[in-house]
Amino acid sequence: MANDALEDGLEPLSETQLRSGAAFDRVIGNMANSAVTAFVAAGTGSPEAGAALGGAVGPLAEELSYAIRRIVDVRRERATVMVSAAADENGVSSSELLDQLLRDPAKMRLLVVGIEAAGEATADAKLKLISEIVATGALAEDEAVVDEQLLALSAIRELEVPHFRLMLQIALPSPVYWATAQERQQYRYAWPESRIVEASPTLKNALPALAAKLQSLGLARTVAVEGAQDVVWRLTSFGETCVDAIKDQSRFS
C-alpha cells in the first residue's frame, strides 16, 4: 500500500512503520482462514465450500488487521505532534511539558483529553488549537483556569472546521441595525440566519446542523427577537470563552 503523506505538519509514516506488523497481520489472516474453513465445512458438510469462503475471509482479516494498526499509528503520531507543539508554545521541551501536566490531577486529565482529541483531529488547524489549549492549561496556576481549559477542550474536540467558522462569524458584531438603542445594546451580537448566510455563503446548506451542534454543546443559543423573520443566534458565555481560546482565527477562514 502506498505511504500517502498526511496533512501539513504531520510526518508521513515510514514504510517500516506501515509494515512493521505485517507478519502479525498474516497470522491473523491465516487464523481467520482456518477458523472459517472449519466452521463452514462442519456446518455444510462441504470442505470445498469451507475452503472457498475461508480463502476469501483470510485476506480480508489480514487487511483489516493492517488498517487497525495504521489507524493506531496515525493517532499516536498526531498526539506526539500536539505535545510537541504545546511544548513549543510554552518554550519548554516535551519532557518538561509532560512533567508540568503530570504533577496535578486536573492537568493530567487535560493531557488525557488533549491526546484523545489530537488523535481524532483531521485538520491541522484544530490540532494546533488543541495544543494551544493544553499549553495554556499546563502553565496555569489557578485550578479554575485549568478547569476552564478542560471544558473548552472537551467541547472543541466535538467540532470540525465549519463549526469554528460559524462560531467566529457570530462572535462578530451583528450587521443588523436594530431599531432602538435598547435593542442595539441587547442584540449587538445576535445574528439572524439569513445574515449569517450572507456573510458566510459556504455555511448555507449545513447551517441548521452546525448551529444545532453548537447549541447542544452550550456554545450558542437562539435569541427571541420580536418581529424577527428567521432564527436569531448568538454565542453563549461559554462559546465566547472557546472563541477566546482560538489565538489565530485566520486558520479557520
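Quick notes on this structure:
- Matching helices (runs of 4 or more DSSP H) fully within segment 108-215 where at least 2 residues are under 24 Å from residue 250 (Cα atoms), under 14 Å from the mean Cα position of the chain (by Cα) and among the β-branched types (Val, Ile, Thr): 124-139
- Close pairs (6 angstrom Cβ cut-off, 6 or more residues apart or separate chains): of a type in the set (A, V, I, L, M) in segment 196-210, part of a loop (DSSP other than H, G, I, E, B) anywhere: 197/204
- Listed by first and then second residue, the pairs linking a residue in segment 149-169 that is not assigned by TED's automatic domain parsing to the domain that holds residue 127 and at pLDDT 95 or above to a residue that is not in a helix (DSSP H, G or I) and not hydrophobic (A, V, I, L, M, F, W, C), with Cβ atoms under 6 Å apart and 6 or more places separating them unless they lie on different chains, are 169/200.
Matching residues to (1) touching a residue at least 12 places away in the same chain (Cβ under 8 Å); (2) aromatic (Phe, Trp, Tyr); (3) over 16 Å from residue 156 (Cβ atoms):
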{"residue": "175", "(1), (2), (3)": "yes, no, yes"}
{"residue": "179", "(1), (2), (3)": "no, no, yes"}
{"residue": "189", "(1), (2), (3)": "yes, yes, yes"}
{"residue": "224", "(1), (2), (3)": "no, no, yes"}
{"residue": "239", "(1), (2), (3)": "yes, no, no"}
{"residue": "246", "(1), (2), (3)": "yes, no, no"}
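- Condition met for residue 193 (within 30 Å of residue 130 (Cβ to Cβ) and either touching a Phe, Trp or Tyr at 6+ places or on another chain (Cβ under 8 Å) or not assigned by TED's automatic domain parsing to the domain that holds residue 128 (or both)): yes
- Set 245, 212, 224, 228: member being exposed (fewer than 14 other Cβ atoms within 10 Å of the Cβ) and modelled with pLDDT under 90: 224
- The requirement of being free of Cβ contacts under 8 Å to residues at least 60 places away in the same chain, of a type in the set (Asp, Glu), touching a Lys or Arg at 6+ places or on another chain (Cβ under 8 Å) and not assigned by TED's automatic domain parsing to the domain that holds residue 212 is not satisfied by residue 132.
The values are calculated or read from the model by the stated rules, or taken from the named source; none is laboratory data. These numbers were taken from a predicted model, which means no experiment stands behind them. With ideal geometry, Cβ positions are generated from the backbone for all residues, glycine too; neighbour counts draw on all protein chains shown.
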